[in-house]
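**Q** Pasting a structure here, questions to come.
The values are calculated or read from the model by the stated rules, or taken from the named source; none is laboratory data. Note that the structure is a prediction, hence the values are computed from the model and not measured. No Cβ is skipped: glycine too gets one built from the backbone with ideal geometry, and neighbour counts run over all protein chains shown.
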Amino acid sequence: MAKAVGIDLGTTNSVISVVEGGKPDVVVNSEGARITPSVVAFKGADRLVGNVARRQAALNPQNTFFEIKRFIGRRWEEVSEEANRAPFKVVEGPNNGIRIETTDGLKAPEEISAMILRKMVDDASAKLGYKVTDVVITVPAYFNNTQREATEAAGRIAGLNVLRIINEPTAAALSYGLDKKGNETILVFDLGGGTFDVTVLEIGDGVFEVKSTNGDTHLGGADFDQRIVKWLAESFLEEHKFDLRKDPSALQRLIEASEKAKIDLSAANETTISLPFITFDPETRTPMHLEKRLTRAQFESLIADLLKRVRTPVEQALKDAKLDASKIDEVILVGGSTRVPAVKALVKSLLNKEPNESVNPDEAVALGAAVQAGILSGDSSIGDIVLVDVTPLTLGVEVKGGMIAPMITRNTAIPAKKTETYTTAENNQPGVEINVLQGERPMANDNKSLGRFKLEGIPPMPAGMPQIEVTFDIDANGILHVGAKEKSTGKEASIRIENTTTLSKDEIDRMITEAEQNSEADKVRKVKVEKRNTLDSLRIQAEKQITESANAPQDLKDKVQKLADEAKDAIQADDDSKIEALQTSLETALRELMQAAPQNADGADAGSDAPKTDEDVIDADFKPTN
Ligand code: ADP
Ligand code: MG
């Protein structure tokens, strides 16, 4: 029977997991890897997802899309800085939203994310032997309502049934505490590529109760990389009067080298960043090279202010949980960026405790999501588990004087429901407009407006008479639903949400259809590419065999060579019928040649270093330019 799976849709990496026999485990992707880079690339008619996309980024910088999670459910003003530093083009979309410029037109971040989800699920379906449709997707605990809705929409666009959106640190805690018997108060510290979350939980005997959560959705390892990029680019600019950030391909290489240097510095005290042929002198056309040494201490000073930013959320989370740091039994590290020694040291000093590194920082979130998927789909192999999560941010409405009146405060257990009554300010007022806000600041304008709700169709009444009941209902996904009723007449007022950046139902439906069509087209293309690649491997093998078959008859060698040349042309011309025909004729001729040259009996292995998979060929294609 098809099982529900858990997906950690990360800014940098995604992981998919399923419960087997009561225990969650990661499902490897089609390349055999446990982790899939959250990268999508458009290359001609092909759409690449994961490692293949990541590996060709420097050669296709404007059509390789990464860290898309930074843009999902965001308004343009919130991310214009991040948009500007991406090698690909991010533009303002309808309703203040975000669109990504691709060779296939403008795409919403939801659509790009859907492509990642689709690959994760397709690969898992192939591995598990059944079609996966039901999923639990994780989001940073500190994601607001719009970001959650957008993530859920991405799941729907991918054709999935999203059982639940759960918070990443809560999922990590589930995976940490699954076998724990006694009671513990834990703090999950999750620093990934683009977001930072801190969550305090009480766990024990199958009960996972979130006490508080806090974070920063603009802070992660990619920001560390950017500091190195900036440092490298500025020193290059000073020396060579050339800004590498203006050249998308150079910028992409800078980003990759900076991340690598950062990772090196988690283990080593110094590293060298070496980027030969990074660009050409625009005047003399001579190649320019970059070579810089970076020490761990220098790196730590580059990111010092970023590190400082984790302090406030940790302190706030403890305060909201009404706990002193000394009451935390274990500090669980999650996310790749907690491997940075300075991060570990900071956590230790903030909480006065050696951090617990017992969970795999890359996999814990997906494993926990799989447990939740198992629970929601009634998998009886999982013991009794009760999960109580909270809403990360206060929800309220705008009232007189531009203030916010909180309806549901942050860290309220979800699902939660609250009703408040409003009235009119003028006689015979036919409707009222309510601005729904999310955030902690006292003035309405400083918070995120989730939308304006118009309650219309109020019958004529003197001011102050109508009683309009507004209900805020946060579901288990942490997503808000709003209802309204005019009480004195019993009439339900109609509600319209305006100014939201989230996709409309029509848009989502259109994207679902497009994604389905693309997925069909992708399958056809994949078969085509595979045929092309098989023939190409055969051609390489044939050419190798010719050089190794000195004693074979010349006419036979000529015949194989001729077919190999034809294969090359057919591949070049993308001629499907020729590719198909040549496959058989070249194979037959090659076999003949191998038999005619028995002294090269191991010639059968001659093609062993020839490309085997789609991916290898893509790599091989690129080698000459590297
Ligand atoms: P996300 O949840 O955002 O997908 P991950 O938890 O996978 O992110 O963490 C990815 C981040 O961790 C990246 O910025 C990556 O460079 C960083 N990272 C991974 N390994 C290391 C390491 N050994 N040292 C420093 N940073 C690392
Ligand atoms: Mg993560």
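**Q** What number of residues within the range 194-205 are within 11 Å of ligand 2 (Cβ to nearest atom) and either at pLDDT 95 or above or in contact with a Pro (Cβ under 6 Å, 6 or more places away or on another chain) (or both)?
**A** Looking only at that region, the number is 3.
**Q** May I pose another question? When the residues of the range 564-574 are filtered to those that are surrounded by 15 or more Cβ atoms within 10 Å (Cβ to Cβ) and over 13 Å from SER537 (Cα atoms), which remaining residue is farthest from the chain's Cα centre (by Cα)?
**A** GLU566
**Q** Okay, moving on. Does the range 288-324 hold any residues that are part of a loop (DSSP other than H, G, I, E, B) and β-branched (Val, Ile, Thr), and which are they?
**A** Of everything in the range 288-324, those that are part of a loop (DSSP other than H, G, I, E, B) and β-branched (Val, Ile, Thr) turn out to be ILE303, VAL310.
**Q** Just need a number here: residues in the range 372-413 that are among the acidic types (Asp, Glu), more than 30 Å from the chain's Cα centre (by Cα) and more than 24 Å from GLU469 (Cα to Cα).
**A** Initially, the range 372-413 is screened for residues among the acidic types (Asp, Glu), giving 379, 384, 389, 398.
From the residues that got through so far, the ones that are more than 30 Å from the chain's Cα centre (by Cα) too are 384, 398.
Filter once more, keeping what is more than 24 Å from GLU469 (Cα to Cα): 384.
Of the residues in the range 372-413, 1 are among the acidic types (Asp, Glu), more than 30 Å from the chain's Cα centre (by Cα) and more than 24 Å from GLU469 (Cα to Cα).
**Q** Considering only the range 503-525, state which residues are under 18 Å from GLU152 (Cβ atoms) and among the basic types (Lys, Arg).
**A** The answer is LYS505, ARG510.
**Q** Taking the options ALA476, ALA463, name whichever one is in contact with a strand residue (DSSP E or B) (Cβ under 9 Å, 6 or more places away or on another chain) and either in the same structural domain as LYS400 (by TED's automatic domain parsing) or surrounded by fewer than 21 Cβ atoms within 10 Å (Cβ to Cβ) (or both).
**A** The conditions single out ALA476.
**Q** When you scan the range 75-90, how many residues do you find that are farther than 25 Å from ASN447 by Cα and buried (at least 19 other Cβ atoms within 10 Å of the Cβ)?
**A** 3
**Q** Does at least one position in the range 234-253 carry a residue that is away from ligand 2 (no atom under 16 Å from the Cβ), free of Cβ contacts under 8 Å to residues at least 12 places away in the same chain, over 27 Å from GLN147 (Cβ atoms) and among the hydrophobic types (A, V, I, L, M, F, W, C)? Quick ask: steps written out before the conclusion?
**A** Here is the first cut: in the range 234-253, the ones away from ligand 2 (no atom under 16 Å from the Cβ) are 234-253.
Then keep just the ones that are free of Cβ contacts under 8 Å to residues at least 12 places away in the same chain; that gives 234, 237-239, 241, 243, 246.
Imposing the further condition that a residue be over 27 Å from GLN147 (Cβ atoms) reduces the set to 234, 237-239, 241, 243, 246.
Those left that are additionally among the hydrophobic types (A, V, I, L, M, F, W, C): 237.
Yes.
**Q** Now for a separate question. Counting only residues that are of a type in the set (Gly, Ala, Ser) and surrounded by 24 or more Cβ atoms within 10 Å (Cβ to Cβ), which one in the range 6-21 is nearest to ligand 2 (Cβ to nearest atom)?
**A** The selected residue is GLY10.
This table checks each residue for (1) within 16 Å of ligand 2 (Cβ to nearest atom); (2) under 20 Å from LEU160 (Cβ atoms); (3) hydrophobic (A, V, I, L, M, F, W, C).
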| residue | (1), (2), (3) |
| --- | --- |
| LYS23 | no, no, no |
| SER30 | no, yes, no |
| ASP46 | no, no, no |
| GLY73 | no, yes, no |
| VAL91 | no, no, yes |
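**Q** Another question about this same structure. Here's a check for you: in the range 325-355, which residue that is assigned to a loop (DSSP other than H, G, I, E, B) and within 13 Å of ligand 1 (Cβ to nearest atom) is surrounded by the most Cβ atoms within 10 Å (Cβ to Cβ)?
**A** Going through the qualifying residues, I end up with GLY335.
**Q** Considering each residue of the range 158-212, count those that are more than 16 Å from ligand 1 (Cβ to nearest atom) and closer than 28 Å to ILE112 by Cα, and give that number.
**A** Qualifying residue count, the range 158-212: 7.
Yes or no, residue by residue, for (1) buried (at least 19 other Cβ atoms within 10 Å of the Cβ); (2) modelled with pLDDT of 95 or more; (3) not in a helix (DSSP H, G or I):
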{"position": "ILE72", "(1), (2), (3)": "yes, yes, yes"}
{"position": "ARG99", "(1), (2), (3)": "yes, yes, yes"}
{"position": "ARG118", "(1), (2), (3)": "yes, yes, no"}
{"position": "VAL121", "(1), (2), (3)": "yes, yes, no"}
{"position": "LYS127", "(1), (2), (3)": "no, yes, no"}
{"position": "TYR142", "(1), (2), (3)": "yes, no, yes"}
{"position": "THR151", "(1), (2), (3)": "yes, yes, no"}
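**Q** Next question, about the same structure. Evaluate the range 212-219: report whether one residue or more is among the hydrophobic types (A, V, I, L, M, F, W, C) and within 30 Å of THR185 (Cα to Cα). Even if it seems obvious, please write down each step before you answer.
**A** Of the residues in the range 212-219, the ones among the hydrophobic types (A, V, I, L, M, F, W, C) are 219.
Now restrict to residues that are within 30 Å of THR185 (Cα to Cα): 219.
Yes, the range 212-219 contains a residue that is among the hydrophobic types (A, V, I, L, M, F, W, C) and within 30 Å of THR185 (Cα to Cα).
**Q** Of all residues being within 13 Å of ligand 1 (Cβ to nearest atom) and among the β-branched types (Val, Ile, Thr) in the range 213-233, which is nearest to the chain's Cα centre (by Cα)? Just the residue, please.
**A** Of everything passing the filter in the range 213-233, THR217 is nearest to the chain's Cα centre (by Cα).
**Q** What residue, of ARG227, ARG245, is closer than 30 Å to LYS319 by Cβ and outside the structural domain of LYS119 (by TED's automatic domain parsing)?
**A** Just a single option satisfies the conditions, and that option is ARG227.
**Q** Turning to a different aspect of this structure: How many residues are buried (at least 24 other Cβ atoms within 10 Å of the Cβ) and either of a type in the set (A, V, I, L, M) or within 13 Å of ligand 2 (Cβ to nearest atom) (or both) if we restrict to the range 206-216?
**A** Residues flagged as buried (at least 24 other Cβ atoms within 10 Å of the Cβ) and either of a type in the set (A, V, I, L, M) or within 13 Å of ligand 2 (Cβ to nearest atom) (or both) within the range 206-216 amount to 2.
**Q** Those residues that are of a type outside the set (D, E, K, R), surrounded by fewer than 13 Cβ atoms within 10 Å (Cβ to Cβ) and farther than 15 Å from LEU302 by Cα, I need them from the range 233-268; list them, please.
**A** ALA267, ALA268
**Q** Under the condition of being within 30 Å of GLY451 (Cβ to Cβ) and in contact with a Phe, Trp or Tyr (Cβ under 9 Å, 6 or more places away or on another chain), which residue from the range 356-395 is surrounded by the most Cβ atoms within 10 Å (Cβ to Cβ)?
**A** Filtering first and then ranking leaves PRO392.
**Q** Moving to a separate point now. I need the full set of residues from the range 116-150 which are touching a helix residue (DSSP H, G or I) at 6+ places or on another chain (Cβ under 7 Å) and either among the polar types (S, T, N, Q) or not assigned by TED's automatic domain parsing to the domain that holds SER30 (or both), in order please.
**A** THR138
**Q** Could you tell me whether VAL188 is within 15 Å of ligand 2 (Cβ to nearest atom), of a type in the set (A, V, I, L, M, F, W, C) and not in a loop (DSSP other than H, G, I, E, B)?
**A** Values: within 15 Å of ligand 2 (Cβ to nearest atom): yes; of a type in the set (A, V, I, L, M, F, W, C): yes; not in a loop (DSSP other than H, G, I, E, B): yes.
In short, yes.
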